[in-house]
Amino acid sequence: MLSRILIFPFVLLVRFYQTAISPFTPSACRFEPTCSSYMIMALQTHGLFYGSFLGAKRILSCHPWGKSGYDPVPEKKCNHKH
């Protein structure tokens, strides 16, 4: 619950970008899902710190000399003790 509260303002920022800024700029993302969708999924899956790290890493790799194609958010690892 606390994690959702912490990531909420960041998700709102990305949603604002997706609805108010992105439609007026040329489509340039080289990945699927897009970098903004990836950021939201990373925050929701991994929380504020690691999710932000993954999202920033993805955005920094989205350039003409970087990779492209399908790049999903990694699954969250379980820490179960047997």
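Scanning the stretch 23-37 for any residue that is in contact with a Lys or Arg (Cβ under 8 Å, 6 or more places away or on another chain) and over 24 Å from Trp65 (Cβ atoms) turns up nothing. Scanning the stretch 40-74 for residues that are in contact with a Ser or Thr (Cβ under 8 Å, 6 or more places away or on another chain) and within 17 Å of Ser3 (Cα to Cα) yields Ala42, Leu43, Gly47, Leu48, Gly51. Residues that are within 16 Å of Cys29 (Cα to Cα) and part of a loop (DSSP other than H, G, I, E, B) within the stretch 68-82 comprise Ser68, Asp71, Pro72, Val73, listed in sequence order. In the stretch 27-82, the residue that is least open to solvent (accessible area, probe 1.4 Å) out of those that are of a type in the set (A, V, I, L, M, F, W, C), closer than 15 Å to Tyr17 by Cβ and modelled with pLDDT under 95 is Cys35. Listed by position, the helices (runs of 4 or more DSSP H) enclosed by the stretch 1-67 that each have at least 3 residues that are within 20 Å of Lys77 (Cβ to Cβ) and without any contact (Cβ under 8 Å) to a residue 24 or more places away in the chain are 48-60.
The values are calculated or read from the model by the stated rules, or taken from the named source; none is laboratory data. All values derive from a computational prediction rather than experimental measurement. For neighbour counting, all protein chains shown are included, and Cβ atoms are generated from backbone atoms with ideal geometry for every residue, glycine included. Please note that ligands, DNA and RNA were not included when accessible areas were found on the heavy atoms of the full protein model with its side chains. Shrake-Rupley method; radii C 1.70, N 1.55, O 1.52, S 1.80 Å.
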